[in-house]
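**Student:** Pasting in a structure now, in structure tokens, and then I'll have a few things to ask.
Since every read-out is calculated from the coordinates, none of them should be taken as a lab result. Here the structure is a predicted model, which means the values were calculated and not measured. We place every Cβ from the backbone using ideal geometry, glycine too, and count neighbours over all the protein chains shown.
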Amino acid sequence: MMDTGSSDLWVSSGQKARMRFTNTTDIPVNITYDIGSASGVIDFAEFTLGGYHVSSQVFLNINQKVDLPAFTEDNLDGVFGLSFSRLSVANVALQRAWGNDTTLGRTALSNIFAHNSSIPNFITFLLGRLDDPDDIADGVFTIGEYADGYQDVEKAPKLSRFPPQLPVWGTLLDAMHVNGEAHTWKSVVPSLVHSVPNITVPEGKAISVLDCGTTLPLLPSDAVDFIYGKIPGAISLNKTWIVPCSSSVNLTFTLGGQEYPIHPLDLTIISPQTFADGKNRTICMNSYQAGDSNVTLADAMLGMGFLRNVYASFNFGAKAANGTITVEPFIQLLSTVDTDKMQADFIKSRREALAQFPPEATLDQVKAEFASDDDDRDGRDSGSGESLLADGSGSDTSKVLDKINKFGPVVLGLLVGNAVIGLLLCMLAIASAVRAGRAVGPMRTINPSYAPVATKGLDMEDERYRD
């Protein structure tokens with residue numbers, strides 16, 4: 001699987017018979033993810049990706065994995081890290097063992113760029129949507145070139161990283177509109193980040209991080225309420241919104257002065273539940289989550305629920321031969337949503353998806369479920385979470401919903417599993433047209449044929465590839 005949130009190439013030791021080793025060491029390594037870890041030793045082997053070849057590439061020969069179920073349940077054999085060498089566990093370990101001047105710890109992606117100097121220093125992503133019956137789950141991943149039909153991303157606004165001190169793909173979020181009404185942002189990042197001084201967020205804007213490893217986007221709770229509070233019949237308890245499955249709103253985010261609409265399919269999650277009466281019913285919940293306590297480096301974490309709506313180019317910038325920075329890192333986004341067709345597509349796709357689940361619970365059934373005093377399934381009281389009714393109903397329902405919170409743990413589980421879910425669902429593809437050593441211009445394109453792989457996140461160190 002591909003992982004833009006780490007830098008190392010690692011392979012499970014069970015695959016060593018399929019590898020052509022060029023060197024071995026006894027240097028121990030451990031790589032830790034948001035959830036889970038892997039450990040082993042550093043080795044070297046030949047590496048080939050499409051038409052690109054590295055004669056001796058460092059990798060982590062992993063013999064132990066902890067809390068990484070994707071590698072046992074989905075027959076995945078390793079990770080291809082796509083971040084910078086300075087974030088690489090192998091690179092740091094080799095510099096400690098063999099000196100800071102060694103370049104043997106460079107990442108596979110860094111070696112590809114170094115051995116093919118004509119390739120521009122960017123990668124691109126087009127993510128598939130697994131919950132749309134009419135959509136193919138495959139996506140596109142490219143190195144130094146644009147997918148066929150998406151070349152206009154090069155004309156999109158260049159989103160500078162903000163704040164530049166932080167080694168993440170953060171940028172300023174200009175605005176968020178729901179049904180044409182603007183949400184008022186008030187950034188809280190300066191009060192959360194104490195290690196990075198002098199962060200001044202322009203008034204009315206917020207810091208957002210574009211991270212495809214975050215399955216469910218995270219926003220401030222008031223922004224989440226602003227979105228789902230405008231859906232008739234939606235109810236909220238303890239920051240979990242229960243939404244009529246066939247209802248939606250027109251949500252857009254503005255970055256770099258460009259508005260990006262969100263497909264309604266990315267606003268809610270279909271979730272079958274067993275109610276207290278023993279009957280199975282389906283509810284839909286908010287996919288944009290309240291992340292006030294989860295996000296400390298940004299106001300918003302725009303994960304897959306946002307990135308599925310754009311073709312994204314992440315440019316690492318460049319350095320001259322003397323090390324001078326000539327191009328700062330930047331992001332470019334091209335909307336992939338057809339606003340004229342998205343509502344009809346949502347209704348059709350959601351109807352087909354719901355046909356595969358138990359009947360949808362009515363609002364009265366949901367209210368009755370929350371009102372039940374018999375909560376044997378989880379044995380917990382609801383606490384004192386505030387309930388909101390988007391349809392403007394009176395306080396009686398609020399009192400009912402305050403009594404218990406049965407569906408909250410479902411969303412909590414989704415949040416805890418973000419890293420693993422991202423590994424499984426952030427489906428990309430390697431284009432077979434890539435050729436090693438071929439001259440690449442700034443507008444070079446490919447015709448993608450897909451071999452699905454996956455990625456976890458996108459956290460880049462403040463380092464640029466050379467020209």
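**Student:** Of the options 304, 332, 314, report the single residue whose Cα projects farthest towards the positive end of the charge dipole of the stretch 272-361 (beta-carbon charges: Lys, Arg +1; Asp, Glu -1).
**Tutor:** 304
**Student:** Something else: Tell me the label-point distance for the pair residue 246, residue 343, using the 7 Å Cα-to-Cβ offset, in nm and rounded to one decimal.
**Tutor:** With each label placed 7 Å out from Cα toward Cβ, I get 1.5 nm.
**Student:** Rank by packing, highest mean first: peptides 175-186, 243-254, with packing defined as the count of other Cβ atoms within 10 Å averaged across residues.
**Tutor:** On the way: 175-186: 15.2, 243-254: 20.4.
By packing density, highest mean first, the sequence is 243-254, 175-186.
**Student:** Set the bar at 29 Å for Cα to Cα. Now go through 230/341; 65/279; 155/319; 186/239; 205/239; 279/341 and name every pair that lies beyond it. Before the final figure, lay out the partial values.
**Tutor:** Details: 230/341 21 Å; 65/279 39 Å; 155/319 22 Å; 186/239 19 Å; 205/239 23 Å; 279/341 36 Å.
The answer is 65/279; 279/341.
**Student:** Take the Cα of residue 179, step 7 Å along the line toward its Cβ, and report every residue of the stretch 225-239 whose backbone nitrogen sits under 15 Å from that point.
**Tutor:** Once the point is set 7 Å along Cα→Cβ of residue 179, 225-235 turn out to lie under 15 Å by backbone N, inside the stretch 225-239.
**Student:** Moving on to the next point. On a full-extension model of 0.36 nm per residue, what is the gain between residue 152 and residue 77, subtracting their alpha-carbon distance, rounded to one decimal in nm?
**Tutor:** Working: separation 75, 0.36 × 75 = 27.00 nm, distance 3.53 nm.
Result for the pair: 23.5 nm of gain on full extension.
**Student:** With each label point set 7 Å from Cα along the Cα-Cβ vector, what nm distance links residue 97 and residue 321?
**Tutor:** It is 3.3 nm.
**Student:** Give me the base-10 log of I(q)/I(0) for the stretch 289-345 at each q in 0.22, 0.28, 0.30 Å⁻¹, Debye formula, one uniform scatterer per Cα, rounded to two decimals.
**Tutor:** Result of the Debye calculation: -0.95, -1.07, -1.13.
**Student:** Then there is this: Once fully extended, how much extra length lies between residue 53 and residue 353, figured as 0.36 nm per residue of separation less the alpha-carbon to alpha-carbon distance? Numbers along the way, then the final one.
**Tutor:** Numbers: separation 300, 0.36 × 300 = 108.00 nm, distance 4.27 nm.
Full-extension gain reported as 103.7 nm.
**Student:** More than 25 angstrom separation, counting every C-alpha pair in the stretch 2-115; what % is that? Don't jump to the answer; show the numbers that get you there.
**Tutor:** Working: 932 of 6441 pairs.
For the stretch 2-115, the fraction of Cα-Cα distances above 25 Å is 14 percent.
**Student:** Now for a separate question. Picking from 68, 78, 28, whose Cα lies most toward the positive end of the charge dipole for the stretch 2-115 (charges on Cβ: Lys, Arg +1; Asp, Glu -1)?
**Tutor:** Of the listed residues, the answer is 28.
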